[in-house]
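Working notes, structure below.
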Amino acid sequence: MPETALVVMARYPQPGTTKTRLARMLGDETTLKLYRAFLIDLAGHFAGPEYDLHWTYTPAEVDYASFIRTLVPRLAHHTHSFPQQGADLGERLLHAFRWTHRQGYRSTIVIGSDAPHITREMIAQAGRALQEVDVVLGPADDGGYYLIAMREPHDVFSTIPMSTSVVAARTIARADKLGLTTRLIQPLFDVDEYPDLLRLAELLRTNSALAPATAALIANLRSIHDHDSLYTCDTARRHSAALDLS
């Protein structure tokens, strides 16, 4: 068993609960396709003998392992799944670290599922930093973080106002209060809003290998746009030229 667990905070894609801010722009069906592409790319990057890849998923009652077998049949046997637990994101993150620690992993790297362009080098960079400090953060452009890594399941999550622009800064402050050392690795952006998707589309035009499944889906949005039933928001149509949809 590898010493490090790589955990993806994931969701079972369902209308009304998955990437809801994007869904308001793109419609549910296209958004669910996009989120599945994110998961496919993350599996393609990290499912293999080098990493012990875990999906920690919500809602807890779904059979996520079966879903992954359907989504990436050739890679599913390289992954593991366990349900999220906790009343809020902070509790669910802490549970993920405690769960992998109980399984015997010496360190854990947790990432979100909304940055399919995260690279293996970023994960490696976090692993190297973790040999020298207690907490590693990959800061996101919105003030949060796309990655957090620790060797021990320290509670650096309580009292942090999640999904705000101060998450990373408050997490560093709490770690310092607990006597823990921290280090930042290179920043990245999450894909939560429509402008983030435009930014990702531009990035993938330059280098589709960063997220091949997502790049292919975005490239096909022109044909998807021809079927208006998949686009339910006039604002999405007004912005469609930026994604080459019209």
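The values are calculated or read from the model by the stated rules, or taken from the named source; none is laboratory data. These numbers were taken from a predicted model, which means no experiment stands behind them. In this analysis, Cβ positions are derived from the backbone assuming ideal geometry, glycine residues included, and neighbour counts consider all displayed protein chains.
Here are some notes:
- Only one entry of Thr171, Thr100, Thr108, Thr119 meets the criterion of being in the same structural domain as Leu53 (by TED's automatic domain parsing) and surrounded by fewer than 20 Cβ atoms within 10 Å (Cβ to Cβ), and that entry is Thr119.
- Count - residues of the range 55-74 that are crowded, with 18+ Cβ neighbours inside 10 Å, aliphatic (A, V, I, L, M) and more than 16 Å from the chain's Cα centre (by Cα): 1
- Residue in the range 218-225 that is modelled with pLDDT of 90 or more and either assigned by TED's automatic domain parsing to the domain that holds Ala115 or under 23 Å from Ala10 (Cβ atoms) (or both) present: yes
- Of all residues in the range 191-204, those that are surrounded by fewer than 18 Cβ atoms within 10 Å (Cβ to Cβ), closer than 16 Å to Ile118 by Cα and without any contact (Cβ under 8 Å) to a residue 12 or more places away in the chain total 2.
- Taken over the range 73-119, the criterion of being in contact with a helix residue (DSSP H, G or I) (Cβ under 9 Å, 6 or more places away or on another chain), within 26 Å of Val133 (Cα to Cα) and among the β-branched types (Val, Ile, Thr) is satisfied by Thr108, Ile109, Val110, Ile111, Ile118, Thr119.
- Elements of the type helices (runs of 4 or more DSSP H) sitting completely within the range 137-220 and holding at least 1 residues that are closer than 18 Å to Asp88 by Cβ and of a type in the set (Phe, Trp, Tyr): there are none.
Conditions tested, residue by residue: (1) farther than 25 Å from Leu39 by Cα; (2) of a type outside the set (Asp, Glu); (3) in contact (Cβ under 8 Å) with a residue 60 or more places away in the chain.
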site	(1), (2), (3)
Gln103	no, yes, yes
Arg120	no, yes, yes
Ala129	yes, yes, no
Leu137	no, yes, no
Gly144	no, yes, no
Met150	no, yes, no
His154	yes, yes, no
Ser158	yes, yes, yes
Val166	yes, yes, no
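- Among the residues listed as Ala216, Ala209, Ala175, the single one being without any contact (Cβ under 8 Å) to a residue 24 or more places away in the chain and hydrophobic (A, V, I, L, M, F, W, C): Ala209
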